[in-house]
Amino acid sequence: MLKKIKSFLLKKNKKKLVCLTAYSKNIAKIIDKYCDLVLVGDSMANVLYGMKNTHEITLNNIIQHSISVKKGIYKSLLVVDMPKNTYVNIKQAKKNAKLVVKKTKCDAVKIESNSKNYAIIKALVKIKIPVMGHIGYTPQFKKKFKVEGRNIIEAKRLIKEAILIEKAGAFSIILECITPKVAKEITKILKIPTIGIGSSLNCDGQILVTDDILGLSGFYPKFVKRYANLNTIIEKAAKKYSKEIKTEVFPSKKNFLYGK
Ligand code: KIV
């Protein structure tokens, strides 16, 4: 567990860190060799389960998907998101994070910041559970999407938060939708790697939701780049399958298991 984290940390200022999300073994298996870190994100709430936000996803949902993802991971660091309301106090956070690590065999957990989770991060690190922080737009705590760091008060608050998260012992931190200037400042100040999402090139690495880059989710804000359009590919395949069943092209003799 710690070996993978050490090699992740060593890449700061040397190589850009490549991070993506996964919710299943099949996707994890494909992306693993190109990633430094794979996150089982609570974004599965919206992306996979069609929920209106990330708040309804349960610890059990996350654990089940992480068990599946783990089966496809060989080299990447596996990080599991702690869902909302599963780390409201130290006792609960320790109990739930221990359960996540035990059941999923992940390398670390991620918790979103609400500007006061530092004691929780510290407590988890103390019991040897590595933690990834997450600041900026944190959907578990913020109702409205907004780019953060556009004024001096926000910029100072974000920098302070990042420093406190590092001090609490987090091994890395996600900067979500933070201005390029503030992302640059945080990345310069912190010794731990910063991973950006919608926060410009001024981070040590980048993360995006895999379903978004594959064109599966239908969610394409400006910070997402679509690298494939699986929607169209799947639709074409389903259309052909449907036509071949109706015209009795499928199953053909070569698909018969026995006889004619
Ligand atoms: O839940 C998630 O997928 C995330 C990433 C978007 C960073 O937190």
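Amide H contacts of T21: L39, L208, T210, each under 5 Å away and 5 or more positions distant or on a separate chain (H built 1.01 Å from N in the peptide plane; Pro and chain starts excluded).
What does the charge dipole of the chain about its Cα centre add up to, to the nearest 20 debye, if the Cβ of each Lys and Arg holds +1 and the Cβ of each Asp and Glu holds -1? Don't skip to the end; give the middle numbers.
On the way: 52 positive and 19 negative charges, 131 e Å.
That gives a dipole near 620 debye.
Placing R0 at 25 angstrom, the Cβ-Cβ distance between K191 and Y49 gives a FRET efficiency of 0.10 after rounding to 0.05.
Give me Y220, Y74 sorted ascending by neighbouring Cβ count inside 10 Å, so fewest comes first. Working shown, then result.
Working: Y220 12, Y74 8.
The order, fewest Cβ neighbours first, is Y74, Y220.
Pairs K116/K160; K25/K222; K3/K184; K71/K105; K143/K188: which exceed 19 Å Cα-Cα? Those over the limit are K25/K222; K3/K184; K143/K188. Compute the separation of the alpha-carbon centres of segment 173-201 and segment 32-47 and state it in Å as a whole number. Cα centroid to Cα centroid, the span is 19 Å.
With a 10 Å cut-off between alpha carbons and a GNM built on the chain, which of A228, A93, A162 moves the most? Among A228, A93, A162, the largest mean-square fluctuation in the Gaussian network model of the chain belongs to A228.
Of the residues T187, F250, N53, the one whose Cα sits farthest toward the positive end of the charge dipole of the chain, with +1 on the Cβ of Lys and Arg and -1 on the Cβ of Asp and Glu, is T187. Close amide H contacts of L77 (hydrogens built in the peptide plane, cut-off under 5 Å, sequence separation of 5 or more or a different chain): L37, V38.
With both labels modelled 7 Å from their Cα along Cα-to-Cβ, the K143 to Q92 distance reads 2.1 nm. Residue by residue, segment 141-156 carries 3J(HN,Hα) couplings of 10, 10, 6, 10, 5, 7, 6, 9, x, 7, 10, 4, 5, 5, 4, 5 Hz when phi is fed to the Karplus relation 6.51 cos²θ - 1.76 cosθ + 1.60 (θ = phi - 60°); x denotes Gly or Pro. Residue by residue, segment 51-62 carries 3J(HN,Hα) couplings of 6, 6, 8, 8, 6, 8, 5, 9, 4, 5, 4, 4 Hz when phi is fed to the Karplus relation 6.51 cos²θ - 1.76 cosθ + 1.60 (θ = phi - 60°); x denotes Gly or Pro.
Its Cα centre serving as origin, segment 78-224 has a Cβ charge dipole (Lys and Arg +1, Asp and Glu -1) of approximately 720 debye.
Close amide-amide hydrogen proximity is noted between V224 and no other residue 5 or more places distant or on a separate chain, at a cut-off under 5 Å (H modeled in the peptide plane; Pro and chain starts excluded).
Extending 7 Å from the Cα toward the beta-carbon at both K75 and K239 defines two label points whose distance is 3.8 nm. Listed by chain and number, the lysines whose alpha-carbon sits under 28 Å from that of K253, ignoring those within fewer than 8 places in the same chain, are K236, K239, K240, K243.
Could you work out the relative contact order of segment 3-255, using alpha carbon pairs under 8 angstrom and six or more residues apart, expressed as a whole percent? Let's see the in-between values first.
Numbers: 472 pairs, mean separation 39.4, N = 253.
That works out to 16 percent.
Computed over the chain with a Gaussian network model linking Cα atoms closer than 10 Å, the most mobile of L37, L124, L214 is L214. Taking the chain as a Gaussian network of alpha-carbon nodes connected by springs under 10 Å, the highest mean-square fluctuation of the residues N151, N85, N46 belongs to N151.
We did not get these values from a lab; they are worked out from the coordinates using the rules stated. The shown structure was predicted, so the numbers you read here are calculated from the model rather than taken from an experiment. Methodologically, a virtual Cβ is constructed for each residue, glycine included, from the backbone with ideal geometry; neighbour enumeration extends over all protein chains shown.
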